[in-house]
Amino acid sequence: AAAWSGAALSAVADRLPTGPVIVLAAFALFTLSLIFAPLRGALAAARRQRRFQHAVHRRQGLLAVARGEPIYERLTLSILRRAGLIQPDGVPTAAGRRAAARAAHDEARWAALRRREATNPGLLPTGAVADGLTPLDAILTPDQLAALDRDLAARVGPAPEPQP
């Protein structure tokens with residue numbers, strides 16, 4: 001594509017050498033692919049980073065709601081407001097309280113899993129991402145989740161029933 005477009009541009013314009021125009025066309029195509037490549041381009045990386053940042057802010061905001069802590073971070077407040085989890089004055093909605101309870105329960109499960117993993121490595125399936133943001137329901141089997149919940153109940157009492 002670079003050779004064809006460079007040669008075509010050189011043929012159309014007067015006194016443009018073909019070689020350097022082909023090199024410039026190749027550089028332009030390289031730059032475009034560097035920016036717009038769907039998996040490894042700069043824009044794709046920026047989108048992944050933004051999604052990750054929003055997931056972290058949402059999770060931390062829900063955990064703050066579950067603990068009854070104030071939220072000062074503007075981005076966190078904005079994300080929770082747009083999702084309908086808090087009202088404009090910062091008071092959690094019913095959906096926000098349910099989501100916060102689920103996030104707190106999942107956080108407790110992650111802590112229990114990390115304790116178990118420290119003494120018994122290999123509980124996480126191969127390739128599972130232990131980022132603390134992924135719900136454990138998506139990673140572990142129901143039996144493994146039940147074992148974690150039993151561990152939690154033994155440590156702090158029975159877990160609240162997660163609501164849909």
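The values are calculated or read from the model by the stated rules, or taken from the named source; none is laboratory data. The model shown is predicted, which means the values in this text are computed figures rather than measured ones. Glycine gets a Cβ as well: all are built from the backbone with ideal geometry, and neighbour counts include every protein chain shown. Note: accessible area is taken over every heavy atom of the protein model, side chains too, but ligands, DNA and RNA are not part of it. Shrake-Rupley method; radii C 1.70, N 1.55, O 1.52, S 1.80 Å.
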Check your understanding: Any residue in the range 140-147 that is on the phi > 0 side of the Ramachandran plot and either surrounded by fewer than 14 Cβ atoms within 10 Å (Cβ to Cβ) or at pLDDT 80 or above (or both)?
Key -> no
**Study point:** Cβ-Cβ under 8 Å pairs, at least 6 apart or on other chains, the range 65-88 side open to solvent by 40 Å² or more (accessible area, probe 1.4 Å), far side of a type in the set (D, E, K, R)
**Key:** 83/58; 87/81; 88/81
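To keep it simple, each residue is scored yes or no on (1) at pLDDT below 75; (2) charged (D, E, K, R); (3) in a loop (DSSP other than H, G, I, E, B); (4) open to solvent by less than 40 Å² (accessible area, probe 1.4 Å).
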| site | (1), (2), (3), (4) |
| --- | --- |
| 125 | yes, no, yes, no |
| 128 | yes, no, yes, yes |
| 137 | no, yes, no, no |
| 150 | no, yes, no, no |
| 153 | no, no, no, no |
| 158 | yes, no, yes, no |
| 161 | yes, yes, yes, no |
Check your understanding: Which condition number in (1) open to solvent by less than 40 Å² (accessible area, probe 1.4 Å); (2) within 30 Å of residue 36 (Cα to Cα) is the one that residue 58 fails?
Key -> (1)
Practice item. Of all residues in the range 39-88, count the ones that are outside any helix (DSSP H, G or I) and not acidic (Asp, Glu). Key: 13
Check your understanding: How many of the residues making up the range 89-101 are part of a helix (DSSP H, G or I), touching a Leu at 6+ places or on another chain (Cβ under 8 Å) and surrounded by fewer than 18 Cβ atoms within 10 Å (Cβ to Cβ)?
Key -> 1
Exercise for review: Could you list all residues from the range 35-71 that are over 17 Å from the mean Cα position of the chain (by Cα) and under 22 Å from residue 132 (Cα atoms)?
Suggested key: 64, 65, 66, 67, 68, 69, 70, 71
